[in-house]
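Note sheet for the following structure.
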Amino acid sequence: MNLFGNGVNVLLKKVTSLLLAIALVPMAAFSAAAAPAPVVPKAVQNAVKVEYNKKQIAFPDQAPIINQGRTLVPIRPIAESLGFEVKWNEQTRTVIINKGKDNIRLVVTQKIANKNGQTINLDVPAQIVNKRTVVPVRFIAEALSYKVEWDPKTQTVLIADNVNGNQVGQQEKPKDPAKPATDEKKSDTHVTLFDKASIEGKKVNVFAYYQVTGKVEADSEVVVVIGDDTYEVPVNNDGTFKFQLEGEHDGIRSFTLKAEKDGKQDTVDGEFIAQ
């Protein structure tokens, strides 16, 4: 009887331990579920805003962004708010901005813009974000000739009319009254140096090279801008030139030719035609 009693006691202890273990499982699960999740602090960043003369500009589909420390803004809403007409050339990936007699051209991925025939260097190239062309804020100041400031507290780009009244196409520096009026005509350095009908760009897939040919006024200095690179172009005595870039270069569709002679400048934008 004692042996039987001992066996029963052992069995009861095992059953009790098993029931206790089963009872503790849902309690542990409930405790884990009920425990509050740890709070992970997150940095809060205000959206970049743009104001023109203290009035906010709306961006319906793509807001301004900050990329690698640079503020990039969609050009169309801003330019149209400033009274410019904006056009897009898909073939050459060129933004064309017009207002009166003023013309500004900007090719995506290039660090230059063309303002009334004069070249403007940008700190970063224009980019396509969400099917919209975004440009550095500096472009607004240098190409469109507006006063641009940055408010870091509210992350707002502040655009205002130039205090000197200078707009696109006008001199960006105050006139020097000590200089005679005849000197003012020299400020217009843009002339026609290229024979634009002769300019031709080819992309020869068979031999994997790009070629730009044409004719410019003799003794001119010529460079060609392809992508982010600028190359010197040799010019013959009669003004003809031929530039060739070998190797695979994906994504190149257009080029910009720039000529200079005796302080005069001329610029031509073109595209490569596959051969």
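The values are calculated or read from the model by the stated rules, or taken from the named source; none is laboratory data. This one's a predicted model, so the numbers in the text were calculated from it and none came from an experiment. Glycine gets a Cβ as well: all are built from the backbone with ideal geometry, and neighbour counts include every protein chain shown. To get the accessible areas, we keep the full protein, side chains included, count just its heavy atoms, and leave off ligands, DNA and RNA. Shrake-Rupley method; radii C 1.70, N 1.55, O 1.52, S 1.80 Å.
General observations
- Count - residues of segment 54-75 that are open to solvent by 80 Å² or more (accessible area, probe 1.4 Å) and not aliphatic (A, V, I, L, M): 6
- Checking each residue in segment 259-274 for being more than 25 Å from the chain's Cα centre (by Cα), in contact (Cβ under 8 Å) with a residue 24 or more places away in the chain and not in a strand (DSSP E or B) picks out only GLY263.
- In the set SER31, SER17, only one residue is outside the structural domain of LYS147 (by the TED database) and modelled with pLDDT of 55 or more; that residue is SER17.
- The sole residue among THR109, THR92 that is in contact with a Pro (Cβ under 6 Å, 6 or more places away or on another chain), assigned to a loop (DSSP other than H, G, I, E, B) and either of a type in the set (Ser, Thr, Tyr) or modelled with pLDDT under 85 (or both) is THR109.
- Qualifying positions in segment 118-137 - closer than 23 Å to ASP61 by Cβ, of a type outside the set (Val, Ile, Thr) and not in a loop (DSSP other than H, G, I, E, B): GLN127, ARG132, PRO136
- For GLU200, the criteria (1) out of contact with any strand residue (DSSP E or B) (no Cβ under 7 Å at 6 or more places or on another chain); (2) in contact (Cβ under 8 Å) with a residue 60 or more places away in the chain; (3) over 21 Å from LEU106 (Cβ atoms) hold in every case but one, which is (1).
- Residue list for segment 143-156, filter: in contact (Cβ under 8 Å) with a residue 24 or more places away in the chain, closer than 18 Å to LEU106 by Cβ and either of a type outside the set (Gly, Ala, Ser) or in a helix (DSSP H, G or I) (or both): LEU144, TYR146
- Within segment 225-254, being in contact with a strand residue (DSSP E or B) (Cβ under 7 Å, 6 or more places away or on another chain), over 15 Å from SER198 (Cα atoms) and assigned to a strand (DSSP E or B) holds for VAL225, ILE226, THR230, TYR231, GLU232, VAL233, GLN244, LEU245, GLU246, SER254.
- THR189, sole failed condition from (1) within 21 Å of ALA143 (Cα to Cα); (2) at pLDDT 70 or above; (3) open to solvent by less than 60 Å² (accessible area, probe 1.4 Å): (2)
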